[in-house]
1. How large is the helix-only mean residue ellipticity at 222 nm for the chain, computed as the sum of -39500 (n - 2.57) over DSSP H runs with n ≥ 4, divided by its residue count, in deg cm²/dmol to the nearest 500?
2. In degrees, nearest 10, range 0 to 90: what is the angle between the Cα axis of helix 2-61 and the longest Cα principal axis of the chain?
3. Test of understanding: what is the full-extension gain from residue 60 to residue 28, defined as 0.36 nm times their sequence separation minus their Cα-Cα distance?
4. Mind checking the angle between helix 68-94 and the chain's longest principal axis? C-alpha axes, 0 to 90 degrees, to the nearest 10.
């Protein structure tokens, strides 16, 4: 009889402690989930603002003239064409 009372008391205490632990764990997970969702939303908003700023900057900087690399290549080609023209003129004058 005494063993039965002890086992019943133990199981009652264990069940009550388990329920309290479950309740606390549930609340911790709920608050952590809310915090992480808010943090993810903040990061997404920040990223959206940064992308919008970058897109605006890119649209402002799109040149109407050729790109610098293309302009440099064109200058090199014009210089080479001038050199060829001078060489041809020099050959015609000496020949």
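All of the numbers you see were taken from the coordinates with simple rules; none came from a lab. Here the structure is a predicted model, which means the values were calculated and not measured.
1. Working: 2 runs with 87 residues, N = 95.
Rounded to the nearest 500, the figure is -34000 deg cm²/dmol.
2. 20
3. Values: separation 32, 0.36 × 32 = 11.52 nm, distance 4.80 nm.
Between residue 60 and residue 28, full extension yields 6.7 nm more.
4. 20
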